[in-house]
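Asker: Below is the structure I would like to discuss, written out as structure tokens.
The values are calculated or read from the model by the stated rules, or taken from the named source; none is laboratory data. None of the values given here were measured: they were computed from a predicted structure. Here the Cβ positions follow ideal geometry from the backbone for every residue, glycine too, while neighbour counts run over all protein chains shown.
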Amino acid sequence: MQERTNDGPPLTQPSGQIDHLAALYRQMFLIRRVEEESARAYALGKIGGFLHLYIGQEAVGVGAVAALRPDDYVITTYRDHGMALAKGMSARALMAELYGKATGCSKGLGGSMHLFDVEHNMLGGYGIVGGHIPLAAGVAFASKYRSDGRVTLCFFGEGAVSIGGFHEGLSLAALWKLPIVFVCENNEYAMGTPLSRTMSVEDVSMKALGYGIDRDRFFVDDVLEVEKRMAEAVSRARELSLPTLVEVRTYRFRGHSMSDPAKYRTPAELEDHKKRDPLTRARALLEQNGYGAERLAKLEAEVEAEVQDAVKFAEESPEPDPSLLAKTTYDGPFAA
């Protein structure tokens, strides 16, 4: 497998490099199992608040992050669990945060929608639809100002493209030629409203034309294809300091959140999309290319052990101490 360097664009991997595909499959499988266990814990009342699952969309986050350098930035929506894991957050830190425990990535104070990991340059999930897009443009502006060679990936759903923050972020990125890639994860439903009722033009990427920036659009079936297409946009941002709008057509297998039974779509529609699940397709490709049933079983057993360890860690971790409230609310560089 080719090595990545920190002095240029990442080297994308051809589909024949089976170990690389196995690594991507492992990440997708880890996300799937973490999300399934999160749903179980939520149903048992061990996780509170809101919970937006990434099940079905794993190939987007994993493929996109595979096209980055470790020091590149990612900013995303409240459906952020998968992106955090893909960027390097541990399953323990994520699950503990969902449980609201002191060992979580934000000491239990952020919760599901606000995962944050400075060490891995995961700059947060954000609960306000489209509100984080101008923030991402600001991060990219800082990179350009410092000439640090970093790229920012900003993820959002198709429901955000009608929000003012979307247009502000793209306008400034185009004007200032910022090293950023805007990624619309179009999962066909803005909460429970289908795409046909929210947009006059189905092709989200066409909105790039209004700002004179490059665009791309593709349907997700293959995590390797996601990596390849995203690498092109990332290279454009890093080498030319030019933004790109990428529309990635995907699909979520669960409702908008755990409180959504998703009655607005038919079982037949859901099953049709599950037949094209990139996770099962990646597994099938591994089998076809001789990765071996024994190696697959070992890989999946390792992931299962990691997930169960994360659940146990979250359940046994302590609650945040009340003294943490004063420190996180009032203390800091501007405290009196």
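Asker: Using beta carbons and a limit of 6 Å, which pairs, at least six apart or on different chains, have the first residue in the range 257-277 and modelled with pLDDT of 90 or more and the second one among the charged types (D, E, K, R)?
Answerer: Once the first residue is modelled with pLDDT of 90 or more and sits in the range 257-277, its partners that are among the charged types (D, E, K, R) give 276/221.
To keep it simple, each residue is scored yes or no on (1) among the aliphatic types (A, V, I, L, M); (2) crowded, with 20+ Cβ neighbours inside 10 Å; (3) in contact with a Phe, Trp or Tyr (Cβ under 8 Å, 6 or more places away or on another chain); (4) in contact (Cβ under 8 Å) with a residue 24 or more places away in the chain.
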| residue | (1), (2), (3), (4) |
| --- | --- |
| 106 | no, no, yes, no |
| 147 | no, no, no, no |
| 156 | no, yes, yes, yes |
| 170 | yes, yes, yes, yes |
| 177 | no, no, no, yes |
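Asker: Separate question: Being among the hydrophobic types (A, V, I, L, M, F, W, C) and more than 19 Å from residue 64 (Cβ to Cβ) is true for just one of 305, 237, 231. Which residue is that? I'd like the intermediate steps shown before the answer.
Answerer: Working: 237 fails: more than 19 Å from residue 64 (Cβ to Cβ); 231 fails: more than 19 Å from residue 64 (Cβ to Cβ).
305 is the lone residue from the list that is among the hydrophobic types (A, V, I, L, M, F, W, C) and more than 19 Å from residue 64 (Cβ to Cβ).
Asker: Name the residues in the range 108-127 that are aliphatic (A, V, I, L, M), surrounded by fewer than 24 Cβ atoms within 10 Å (Cβ to Cβ) and within 26 Å of residue 226 (Cβ to Cβ), would you?
Answerer: Matches in the range 108-127: 113, 118, 123.
Each row is one residue, and each column tells you yes or no for (1) under 29 Å from the mean Cα position of the chain (by Cα); (2) modelled with pLDDT under 95; (3) of a type outside the set (Lys, Arg).
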| site | (1), (2), (3) |
| --- | --- |
| 300 | yes, no, yes |
| 306 | yes, no, yes |
| 309 | yes, no, yes |
| 313 | yes, no, yes |
| 317 | yes, no, yes |
| 322 | no, yes, yes |
| 327 | no, yes, no |
| 332 | no, yes, yes |
| 336 | no, yes, yes |
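Asker: Considering only helices (runs of 4 or more DSSP H) fully contained in the range 27-138, which possess at least 2 residues that are more than 22 Å from residue 169 (Cβ to Cβ) and touching a Pro at 6+ places or on another chain (Cβ under 9 Å)?
Answerer: Details: elements: 58-66, 81-86, 91-98.
Passing ranges, in order: 58-66.
Asker: Let me ask something else about it. Output the number of the condition that residue 221 fails; it satisfies all remaining conditions of (1) surrounded by fewer than 18 Cβ atoms within 10 Å (Cβ to Cβ); (2) of a type outside the set (Ser, Thr, Tyr); (3) touching a residue at least 24 places away in the same chain (Cβ under 8 Å); (4) in a helix (DSSP H, G or I).
Answerer: That leaves (4) as the condition not met.
Asker: Still on this structure, please answer the following. Just give me the residues in the range 58-90 being touching an Asp or Glu at 6+ places or on another chain (Cβ under 6 Å), small (Gly, Ala, Ser) and within 16 Å of residue 124 (Cα to Cα), in sequence order.
Answerer: Passing the criteria: only 82.
Asker: Scan the range 139-183 for residues that are hydroxyl-bearing (Ser, Thr, Tyr), closer than 23 Å to residue 206 by Cβ and in a helix (DSSP H, G or I) and jot them down.
Answerer: To start, the set of residues in the range 139-183 that are hydroxyl-bearing (Ser, Thr, Tyr) comprises 143, 145, 147, 152, 162, 171.
Imposing the further condition that a residue be closer than 23 Å to residue 206 by Cβ reduces the set to 152, 162, 171.
Correct list: 171 only.
Each row is one residue, and each column tells you yes or no for (1) out of contact with any His (no Cβ under 6 Å at 6 or more places or on another chain); (2) touching a residue at least 40 places away in the same chain (Cβ under 8 Å).
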site	(1), (2)
17	yes, no
41	yes, yes
51	yes, yes
66	yes, yes
85	yes, yes
88	no, no
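Asker: Can you work out which of the residues in the range 36-72 that are more than 18 Å from residue 94 (Cβ to Cβ) and among the acidic types (Asp, Glu) is surrounded by the most Cβ atoms within 10 Å (Cβ to Cβ)?
Answerer: Filtering first and then ranking leaves 72.
Asker: In the range 176-193, what residues are modelled with pLDDT of 95 or more and within 16 Å of residue 130 (Cα to Cα)?
Answerer: Pass one, the range 176-193, residues modelled with pLDDT of 95 or more: 176-185.
Once the filter is applied, which keeps residues that are modelled with pLDDT of 95 or more and within 16 Å of residue 130 (Cα to Cα), the range 176-193 yields 180, 181, 182, 183, 184, 185.
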